[in-house]
Amino acid sequence: MCGIVGYAGGRNALPILLDGLKRLEYRGYDSAGVAIVGSALQVVKDKGFIANLEAQLPAIAGSTGFAHTRWATHGAPSKVNAHPHVDCTGKIALAHNGIIENFAALREKLEARGHRFVSQTDTESLVHLIESYYEGDLEDATRKALHEARGSYAILAVHADEPGRVVGARNESPLVIGLGPDENFLASDVPALLRYTDRVLYVMDKEMVVITPKGVAIKDLEGHAVTREPQRITWSLEDAEKGGFDHFMLKEIHEAPKAIHETLLGRLANLEVDGFLSEGITSVKLVACGTSYHAAMIGKYILEEIARIPASAELASEYRYSQGPTDRPLVILITQSGETADTLGAAREARRRGCKTLGITNILGSSLTREVDTTLYTRAGIEIAVAGTKTFIAQLIVLYLIALKMGQDRGTLGYDDLDRLKDQLRSLPRTVQNVLDRSAEIRALAAKYGNARDIFYIGRHANYPVALEGALKLKEISYIHAEAYAAGELKHGPLALVTPQTPVIAVAVQDPTYDKVRSNIGEVSARGAPVLALGTSGDRELAKYVDDVIEIPEIPWVFSPVPVSVALQLFAYEVARLHDCPIDKPRNLAKSVTVE
Ligand code: M6R
């Protein structure tokens with residue numbers, strides 16, 4: 001969604017705001033703007049990337065303000081719809097992440113009272129509403145306005161007559177406070193703060209905050225003070241930078257072995273998984289969106305194979321509005337950001353149905369952690385590129401841990417099985433490193449296959465969702481049309497699209513469906529499609545049936561989604577690089593989607 005950053009302190013605000021904003025650009029990048037209170041309120045904004053805004057910014061003096069980078073929901077990406085939005089007096093400026101659902105009714109009422117609107121955004125109704133309540137205290141006016149506004153928001157507001165104060169509020173969109181000596185910060189996400197502080201406080205739903213150079217005051221929407229202990233962030237600024245790689249995505253793909261290692265650390269020996277207890281669970285439903293949904297789909301196979309427990313996966317956006325059967329599975333909600341609106345909605349629905357809920361997220365203190373009974377963290381470190389890579393791998397690792405724990409508790413795994421599976425999990429960082437060491441080979445294959453207009457991905461069983469995820473990665477960052485099918489489904493329709501111009505990427509590692517996949521490869525080869533297979537190292541038979549093979553080290557099939565996914569991430573990355581695409585910030589997308 002959008003990214004916001006605010007500052008109140010003794011330094012010149014502009015460079016601090018721009019620096020913070022650039023670290024939030026993954027949240028949206030169709031327009032950007034700043035509001036700074038110096039001798040007066042100054043607002044500058046424009047369509048396009050932050051770099052475009054920066055290039056035209058005059059030197060604005062002032063030590064209070066905020067900045068915003070937008071991912072459009074209401075109103076096209078344009079200068080007039082860019083944030084900040086100002087009221088009729090030109091004294092109040094507001095930036096917003098989220099959606100004001102009753103904006104049309106508010107606008108109609110405010111226009112009838114003489115307020116002049118200039119944009120097509122939902123946000124502008126809120127700044128005029130605050131103006132309508134303003135009697136010399138921005139915090140008070142904002143509180144009254146928020147009682148009338150419905151929807152999701154993280155907002156920042158300043159008033160020309162109140163220098164040294166930034167007012168913020170949150171409901172269903174993230175907002176974090178950074179604490180410094182004689183200066184304080186507000187931001188949508190921690191990376192914007194890391195250069196200045198590692199002490200943070202999370203603002204919760206339906207709370208307001210006022211920062212000044214000397215302090216921070218959190219209150220609920222009724223105006224009652226809230227006290228909360230600060231937390232220390234363990235990520236460093238270096239973690240949030242590219243570290244010599246051309247793109248964050250490439251750096252993050254290469255961080256997969258570390259993400260696996262960290263996610264397993266201290267959890268494997270005794271299967272102590274952050275207080276997760278499996279007693280009384282007879283079935284599991286995995287719910288998520290996008291890449292996390294593909295992890296959920298793979299999770300079904302992992303849980304069924306290792307723990308022998310019935311499992312199913314469902315899209316969060318579908319689950320939250322479905323009727324649902326009357327049984328009460330454990331509902332596992334998977335979300336990298338912990339802020340995806342559909343997944344949070346699904347968590348609430350699961351609890352409403354009386355299900356136990358378990359969240360898997362990468363972000364400490366994110367909204368999901370407050371919606372579920374238990375949270376298991378992936379410890380992948382910060383992920384900046386919009387395309388999820390190492391966090392997806394870490395999600396799979398947590399799912400293996402859950403399966404082992406359930407397998408142990410349910411007695412479906414003997415001691416020997418358990419030890420063997422644990423050893424295999426421990427060796428996964430090495431297996432993945434082996435794939436990463438083939439980067440040059442994968443780059444050459446990307447050059448060979450990456451000029452097609454359409455590419456098909458096929459896989460079966462646990463590697464069907466792996467194919468789906470491979471295709472999603474390619475679509476997202478290279479804009480090449482890619483579709484994935486369960487290989488056995490080709491003959492039921494999609495085969496009509498297969499021609500010598502449509503390369504097929506086939507996941508054909510040694511798993512229970514290997515022979516069947518080989519037959520499916522035969523079906524596409526017979527139609528002239530070039531085939532690039534991901535096969536098990538040393539499989540000489542496979543090489544006879546396909547044009548090229550990316551070799552995946554031999555491991556038990558249940559773990560194969562991990563190295564195969566890393567190979568497909570690298571392939572998508574190299575194709576996108578070939579086409580000179582904006583890999584870390586693909587068009588129309590944002591890292592976390594905090595609206596429905
Ligand atoms: O933060 P979440 O894991 O809940 O995000 C879900 C999807 O929006 C996300 O996975 C999306 O599909 C990414 N662009 C994948 O690369």
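If we restrict to alpha carbons, what Rg and Dmax does segment 39-99 come to, in Å?
11.9, 33
What's the center-to-center distance, using Cα atoms, between segment 194-256 and segment 517-532 in Å?
When both Cα centres are located, 50 Å separates them.
Tally Lys and Arg at +1 and Asp and Glu at -1 over the other residues with C-beta under 10 Å from the C-beta of residue 592: what net charge comes out?
0
With every protein chain left in place, what is the accessible area per residue of segment 45-162 in square angstrom, probe 1.4 Å?
38
Counting Lys +1, Arg +1, Asp -1, Glu -1, what net charge surrounds residue 110 among other residues with beta carbon under 12 Å of its beta carbon?
Details: positive: 107, 109, 113, 116; negative: 87, 108, 111, 124, 131, 148.
Net charge around residue 110: -2.
So, by mean Cβ neighbours within 10 angstrom, what's the order for 247-259, 444-456, 351-363 with the highest one leading? Write out the running numbers ahead of the final one.
On the way: 247-259: 23.4, 444-456: 17.7, 351-363: 20.7.
So the peptides 247-259, 444-456, 351-363, ranked by packing, come out 247-259, 351-363, 444-456.
Among 429, 95, 297, which residue has its Cα furthest toward the positive end of the charge dipole of the chain, with +1 on Lys/Arg Cβ and -1 on Asp/Glu Cβ?
Checking the options against the dipole of the chain, the answer is 297.
Relative to the Cα centre, what is the charge dipole magnitude of segment 336-490, using +1 at the beta carbon of each Lys and Arg, -1 at the beta carbon of each Asp and Glu, and rounding to the nearest 20 debye? Mind showing how you got there, number by number?
On the way: 21 positive and 18 negative charges, 32 e Å.
The calculation lands at about 160 debye.
Could you tell me the center-to-center distance, by alpha carbons, between segment 95-114 and segment 384-437 in angstrom?
48
Over 30 Å between Cα atoms, which of 109/214; 251/356; 390/491; 22/390; 47/473 qualify? Before the final figure, lay out the partial values.
Working: 109/214 38 Å; 251/356 36 Å; 390/491 34 Å; 22/390 22 Å; 47/473 27 Å.
Beyond 30 Å: 109/214; 251/356; 390/491.
For a quick size check, give me the Cα extents of segment 324-478 along its three principal axes, largest first, whole Å.
Its Cα atoms span 52, 42, 31 Å along the three principal axes.
Under a straight-distance cross-link criterion of Cα-Cα below 22 Å, which lysines are reachable from residue 219, leaving out those fewer than 8 residues away in the same chain?
List returned: 144, 206.
Output ³J(HN,Hα) for segment 419-427: one whole-Hz value per residue in order, computed from phi by the Karplus curve 6.51 cos²θ - 1.76 cosθ + 1.60 with θ = phi - 60°, and x for Gly and Pro.
So the Karplus estimates, Gly and Pro as x, are 4, 5, 5, 5, 4, 5, 4, 4, 8 Hz.
Can you give the calculated 222 nm mean residue ellipticity of the chain, where each DSSP H run of n ≥ 4 adds -39,500 (n - 2.57) and the sum is split over every residue, rounded to the nearest 500 deg cm²/dmol?
Details: 19 runs with 204 residues, N = 596.
Helix contribution divided over all residues of the chain: -10500 deg cm²/dmol.
If you take the charge dipole of segment 162-260 about its Cα centre, with +1 on Lys and Arg Cβ and -1 on Asp and Glu Cβ, which of 173, 249, 200 is farthest toward its positive end?
In segment 162-260, that residue is 200.
Mind listing the long-range amide H neighbours of residue 549? Cut-off is under 5 Å, sequence gap 5 or more, other chains count too, H placed in the peptide plane at 1.01 Å from N.
533
Quote the Stokes-Einstein diffusion coefficient, in whole µm² s⁻¹, for the chain, based on the Kirkwood radius over alpha carbon pairs, a temperature of 4 °C and a viscosity of 1.567 mPa s. Spell out each step's value before the answer.
Details: Rh = 25.1 Å.
D = 52 µm²/s.
Send over the per residue convex hull volume for segment 430-583, Cα only, as a whole number of Å³. Let's see the in-between values first.
Details: hull volume 14.3 nm³, N = 154.
About 93 Å³ per residue, rounded to a whole number.
Please state the shape class of segment 517-596: rounded when a/c is under 1.5, otherwise prolate if a/b exceeds b/c and oblate if not, all from the C-alpha gyration tensor.
Details: a/c = 2.26, a/b = 1.73, b/c = 1.31.
Prolate.
Over segment 242-426, average the accessible area per residue using a 1.4 Å probe and give it in Å², no decimals.
Numbers: 6710 Å² over 185 residues.
Accessible area per residue, segment 242-426: 36 Å².
So, with a 1.4 angstrom probe, what is the percent of accessible area on segment 1-91 that is carbon and sulfur? Let's see the in-between values first.
Working: 1670 of 2890 Å².
That share works out to 58 percent.
Relative contact order for segment 430-583 using alpha-carbon pairs under 8 Å, separation at least 6, rounded to a whole percent? Each step should come with its number before you reach the end.
Numbers: 281 pairs, mean separation 47.6, N = 154.
Normalised by residue count, the contact order of segment 430-583 is 31 percent.
Where in segment 15-111 are there trypsin sites (Lys or Arg not before Pro) that are in a DSSP coil and have at most 13 other Cβ atoms within 10 angstrom of their Cβ?
Details: sites: 22, 23, 27, 45, 47, 70, 79, 91, 107, 109; in loops: 23, 79, 91.
Hits after loop and neighbour filter: 79.
What does DSSP give for the chain in terms of the percent of beta bridges that are antiparallel, rounded to the nearest 5? Before the final figure, lay out each step's value.
Details: 61 of 100 bridges.
Percent antiparallel among DSSP bridges in the chain is about 60.
Is there a quick way to get the dipole size of segment 242-426? I mean about its Cα centre, with the Cβ of Lys and Arg at +1 and of Asp and Glu at -1; what is the value in debye to the nearest 20? Could you put the intermediate results ahead of the total?
Details: 22 positive and 23 negative charges, 52 e Å.
Charge dipole, segment 242-426, about its Cα centre: 260 debye, nearest 20.
For segment 3-238, restrict the atom set to alpha-carbon positions and state the Rg and Dmax in Å.
For segment 3-238, the Cα-based Rg and Dmax read 16.0, 52 Å.
Quick one: angle between helix 463-478 and the longest Cα principal axis of the chain, in degrees between 0 and 90, rounded to 10, please.
Between helix and principal axis, roughly 50 degrees.
Please list the non-local residues whose amide H lies under 5 Å from the amide H of residue 226, H modeled 1.01 Å from N, same-chain partners needing a gap of 5 or more.
218, 219, 220
Could you compute how fast segment 261-364 diffuses translationally, taking Rh as the Kirkwood radius over C-alpha pairs and applying Stokes-Einstein at 37 °C with viscosity 0.692 mPa s? Give it in µm² per second.
Numbers: Rh = 14.1 Å.
D, rounded to a whole number, is 233 µm²/s.
The values are calculated or read from the model by the stated rules, or taken from the named source; none is laboratory data. Computed from a prediction, not measured in an experiment: that's the story for all the values here. Every residue, glycine among them, receives a Cβ derived from its backbone with ideal geometry; neighbour counts consider all protein chains shown. Just the protein is used for accessible areas: all its heavy atoms, side chains included, with ligands, DNA and RNA removed. Shrake-Rupley method; radii C 1.70, N 1.55, O 1.52, S 1.80 Å.
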